[in-house]
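Before any comments, here is the structure.
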Amino acid sequence: MTADRIDAELIEDARAVLDDIVSWKLVPPRWDVVAAFLRNLLAALDTDDAEGFRDAVLELELTGPARYTRVGHAEATVTSARDDVLELVGAVVDGLDVDRSLSEDTAEGHD
């Protein structure tokens with residue numbers, strides 16, 4: 001994986017969303033959507049696809065918990081992140097960390 005073509009600002013946006021996911025409470029079907037976007041994020045990171053990475057970060061941000069409850073709608077049962085979602089979050093964070101250290105080593109001439 002190489003994230004050096006994915007700019008630092010986008011990586012920071014991704015890290016912010018990844019940090020937030022662990023505190024999200026969502027209805028169970030939305031966790032499936034989060035998992036799919038995390039897999040998209042990993043695939044984009046793997047192929048150095050900055051546009052795909054940006055799209056996946058944006059989709060994750062939009063999938064987060066609603067900041068309001070519509071009038072007349074009872075709150076649905078929400079749950080914390082499932083283990084598979086947390087594992088995907090960890091895999092993305094690890095990928096970002098590995099890519100960052102590889103980029104820094106290459107920049108310093110430590111091939």
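The values are calculated or read from the model by the stated rules, or taken from the named source; none is laboratory data. Only a predicted model underlies this, so the values are computations on that prediction, with no experimental measurement involved. With ideal geometry, Cβ positions are generated from the backbone for all residues, glycine too; neighbour counts draw on all protein chains shown. All accessible areas refer to the heavy atoms of the entire protein, side chains included, with ligands and DNA or RNA removed. Shrake-Rupley method; radii C 1.70, N 1.55, O 1.52, S 1.80 Å.
Answer with yes or no whether residue 26 is closer than 19 Å to residue 82 by Cα, over 9 Å from the mean Cα position of the chain (by Cα) and surrounded by 14 or more Cβ atoms within 10 Å (Cβ to Cβ). Outline the logic, then answer.
Numbers: closer than 19 Å to residue 82 by Cα: yes; over 9 Å from the mean Cα position of the chain (by Cα): yes; surrounded by 14 or more Cβ atoms within 10 Å (Cβ to Cβ): yes.
For residue 26, the condition - closer than 19 Å to residue 82 by Cα, over 9 Å from the mean Cα position of the chain (by Cα) and surrounded by 14 or more Cβ atoms within 10 Å (Cβ to Cβ) - is met.
Please specify each residue of the range 12-23 satisfying the condition of being of a type outside the set (D, E, K, R) and crowded, with 17+ Cβ neighbours inside 10 Å.
So the first thing to find is which residues in the range 12-23 are of a type outside the set (D, E, K, R), and the list is 14, 16-18, 21-23.
Selection gives 14, 17, 18, 21.
Contact list please: Cβ distance under 8 Å, first residue in the range 15-34 and acidic (Asp, Glu), second residue open to solvent by less than 80 Å² (accessible area, probe 1.4 Å), pairs at least six apart or on different chains.
Close Cβ pairs (under 8 Å, with a partner that is open to solvent by less than 80 Å² (accessible area, probe 1.4 Å)) amount to 20/64.
So residue 78 clears everything in (1) surrounded by 12 or more Cβ atoms within 10 Å (Cβ to Cβ); (2) modelled with pLDDT under 95; (3) over 15 Å from residue 22 (Cα atoms); (4) not small (Gly, Ala, Ser) except one condition, right? Which one?
That leaves (3) as the condition not met.
One line per residue, one yes/no per condition, for (1) hydrophobic (A, V, I, L, M, F, W, C); (2) outside any helix (DSSP H, G or I); (3) within 14 Å of residue 5 (Cα to Cα); (4) modelled with pLDDT of 95 or more:
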{"residue": "32", "(1), (2), (3), (4)": "no, no, no, yes"}
{"residue": "36", "(1), (2), (3), (4)": "yes, no, no, yes"}
{"residue": "40", "(1), (2), (3), (4)": "no, no, no, yes"}
{"residue": "46", "(1), (2), (3), (4)": "no, no, yes, no"}
{"residue": "65", "(1), (2), (3), (4)": "no, yes, no, no"}
{"residue": "68", "(1), (2), (3), (4)": "no, yes, no, no"}
{"residue": "74", "(1), (2), (3), (4)": "yes, yes, no, no"}
{"residue": "91", "(1), (2), (3), (4)": "yes, no, no, yes"}
{"residue": "99", "(1), (2), (3), (4)": "no, no, yes, no"}
